[in-house]
Each structure stands twice: as structure tokens, then as C-alpha cells.
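*Asks:* Got a structure for you, questions after.
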Amino acid sequence: MEENQTEHPAERIIDTLTGPWEKKVLRKLALALPPKVVPDHLTILGLFSTLVIATGYCLTWYSPYWLFLASFGFILNWYADSLDGTLARVRKIERERYGYFVDHICDAWSTVIMCLALGISPLMQMELGMLLAIGYLLLNIYAHIGAYTKAEFRISFLKFGPTEIRLVIIIFNTVICFWNPKIWLSGQNYLTFYDLGAIFFSVVFFIIFMWNSVKTAIVLDKLDRAQKREGQ
């Protein structure tokens with residue numbers, strides 16, 4: 001890693017609907033944790049919560065009420081994923097490079113596992129589950145490249161971040177427990193409520209990715225050209 005990145009880590013940009021509330025709550029939760037609990041423990045809990053979510057979705061073959069287990073997994077995932085970095089900052093034990101690497105590698109794995117589980121379940125077609133994963137991971141790639149090129153690590157888009165996405169999914173899970181409509185296309189082909197959600201969010205993710213990629217490329221081009229002129 002280059003020297004300037006090590007000494008000057010990228011600025012975290014979080015502008016979400018739940019952001020102000022989270023800042024207060026997460027700090028209190030971090031201060032309440034016993035000294036023996038360290039950020040790595042929360043990272044492991046986050047990975048475990050992903051397995052809880054995946055198990056809940058796969059078990060919906062037997063009953064839609066297993067979606068409550070998946071929703072519990074998302075709450076557990078929010079707790080672990082949001083709190084590990086906060087705990088490190090509160091205790092002043094940050095490990096910038098290690099924490100950044102491990103946290104986002106785990107996020108990538110979690111995204112793939114959750115979308116695979118949705119594809120395996122009767123809730124969503126596998127193709128749409130993979131499309132959803134690709135859209136979400138593209139936004140992650142954009143955020144990481146932005147951290148390198150602009151020293152800005154953007155975690156939210158259009159006031160939506162990981163917490164808002166989890167809330168939307170929990171609402172989806174709750175609705176589908178009691179009402180799971182199917183839209184018939186032709187013959188035996190149909191789309192579920194979750195299929196429609198996957199299509200909608202995939203399209204939104206792709207549009208945000210393309211729009212921000214082009215906009216950022218234009219900005220960086222202007223900055224590089226200006227810097228080159230100043231150096232001449």
C-alpha cells in the first residue's frame with residue numbers, strides 16, 4: 001500500500017436515513033461491551049449471522065415462517081457488522097489496513113452466501129439472486145476504487161446504506177410470511193414478490209453504479225489534467 005494511503009486513510013462518507021440514530025446507539029452499545037469482547041469477535045459473529053440468514057431462507061421450503069429466522073439473522077448481522085468498527089474507534093485500537101481488508105472481504109462473502117441462499121429457496125430464481133449479488137458488489141467495487149482514487153469511502157447512496165437495505169429486507173420477509181403473491185407470465189413461468197424486488201434493486205444498483213462511475217471519471221480526468229498543467 002502506498003505511503004499516503006497508510007498515513008491518510010480514506011474518509012468514510014455515510015449519509016443515510018438512520019445515520020444520526022446509529023451514531024448515538026452504536027457508541028452506547030460499544031461502551032457497554034465487556035473488555036474481553038474485541039472487534040474480531042464481532043466479525044466472527046457477523047459471519048455466523050450470515051449462516052443464520054442463509055439457513056432461514058433455505059428452510060422456507062418447509063414453512064414461510066422460517067423467514068423470521070432470516071430476519072433475526074439480519075438484526076444480528078447489523079449488530080455485529082456495524083459495531084466492530086465502532087468498538088475499535090471507541091477503544092482507539094484501530095488497525096486501518098487489517099480492519100478494512102477483513103471487514104470488506106467478509107462483506108463480499110456474506111453477500112454471495114445470502115444471494116445464493118435466496119436462489120436456493122423457493123422465494124427467488126437463482127439467476128435473479130446472482131444478478132442482485134452482482135449489482136451490490138459493483139457498488140462495493142466503486143466504493144473501494146473511490147477510496148483509492150479520491151480518498152473517499154462512500155458507504156451510502158441516495159440516503160440508503162447497509163442498514164436501510166437490511167430494514168427493507170426484513171419488511172419483505174415479514175410481508176411474505178403472510179402474503180406471497182405470484183405474477184404469472186405464461187404457462188408455468190411466474191415471478192414472486194422477491195423476484196420483483198431483486199429486479200428492482202438490481203436495476204437501481206446498476207444505474208447508481210454507472211452514473212457515479214461516469215461522474216467520478218469526469219471529475220478525476222479534470223483533476224489529473226489540472227495537476228499536469230500545474231506541473232508544466
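*Asks:* For region 176-211, name all the residues that are modelled with pLDDT under 85, loosely packed, with under 11 Cβ neighbours inside 10 Å and not in a strand (DSSP E or B).
*Replies:* Gly187, Gln188
*Asks:* Report every pair of residues separated by at least 6 positions or lying on different chains whose Cβ atoms are under 6 Å apart, first residue within region 144-156 and closer than 13 Å to His104 by Cα, second modelled with pLDDT under 85 and charged (D, E, K, R).
*Replies:* Listed by first residue and then by second, the contacts come to Phe153/Arg12.
*Asks:* Of the residues in region 58-68, how many are part of a helix (DSSP H, G or I) and more than 17 Å from Ile165 (Cα to Cα)?
*Replies:* Matching residues across region 58-68 total 7.
*Asks:* Could you grab me the full set of residues in region 12-43 that are in a strand (DSSP E or B) and charged (D, E, K, R)? Step through it out loud before you land on a result.
*Replies:* From region 12-43, those in a strand (DSSP E or B) are 12-13; that's our starting set.
Residue satisfying the conditions is Arg12 alone.
Matching residues to (1) over 22 Å from Leu196 (Cβ atoms); (2) within 13 Å of the chain's Cα centre (by Cα); (3) of a type outside the set (Asp, Glu):
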residue: Leu69; (1), (2), (3): yes, no, yes
residue: Thr86; (1), (2), (3): yes, no, yes
residue: Tyr98; (1), (2), (3): yes, no, yes
residue: Ile120; (1), (2), (3): no, no, yes
residue: Gly161; (1), (2), (3): yes, yes, yes
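*Asks:* Would you confirm, using the coordinates I've provided, whether Val175 is within 19 Å of the chain's Cα centre (by Cα) and of a type outside the set (Ser, Thr, Tyr)?
*Replies:* For Val175, the condition - within 19 Å of the chain's Cα centre (by Cα) and of a type outside the set (Ser, Thr, Tyr) - is not met.
*Asks:* Any residue in region 21-44 that is farther than 20 Å from Arg154 by Cβ, of a type in the set (S, T, N, Q) and in contact with a helix residue (DSSP H, G or I) (Cβ under 6 Å, 6 or more places away or on another chain)?
*Replies:* Scanning region 21-44 turns up at least one residue that is farther than 20 Å from Arg154 by Cβ, of a type in the set (S, T, N, Q) and in contact with a helix residue (DSSP H, G or I) (Cβ under 6 Å, 6 or more places away or on another chain).
Residue-by-condition table, conditions (1) closer than 20 Å to Ile208 by Cβ; (2) touching a His at 6+ places or on another chain (Cβ under 9 Å):
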| site | (1), (2) |
| --- | --- |
| Ile105 | no, no |
| Thr111 | yes, no |
| Gly119 | no, no |
| Tyr136 | yes, no |
| Leu139 | yes, no |
| Ala143 | yes, yes |
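*Asks:* Restricting to region 144-160, name every residue that is buried (at least 19 other Cβ atoms within 10 Å of the Cβ) and modelled with pLDDT of 90 or more.
*Replies:* Matches in region 144-160: none.
*Asks:* If you don't mind, there's one more thing I want to ask. So if I check each of Ile134, Ile208, which one is touching a residue at least 24 places away in the same chain (Cβ under 8 Å), touching a helix residue (DSSP H, G or I) at 6+ places or on another chain (Cβ under 8 Å), aliphatic (A, V, I, L, M) and farther than 24 Å from Ile75 by Cα?
*Replies:* Among Ile134, Ile208, only Ile208 is touching a residue at least 24 places away in the same chain (Cβ under 8 Å), touching a helix residue (DSSP H, G or I) at 6+ places or on another chain (Cβ under 8 Å), aliphatic (A, V, I, L, M) and farther than 24 Å from Ile75 by Cα.
*Asks:* Right, next: Looking at region 95-121, which of its residues are surrounded by 16 or more Cβ atoms within 10 Å (Cβ to Cβ) and assigned to a loop (DSSP other than H, G, I, E, B)?
*Replies:* Of everything in region 95-121, just one residue is surrounded by 16 or more Cβ atoms within 10 Å (Cβ to Cβ) and assigned to a loop (DSSP other than H, G, I, E, B), namely Ser121.
The values are calculated or read from the model by the stated rules, or taken from the named source; none is laboratory data. Keep in mind it's a predicted model, so treat the numbers as computed, not measured. FYI the Cβ positions are ideal-geometry reconstructions off the backbone, even for glycines, and counts take in every protein chain you see.
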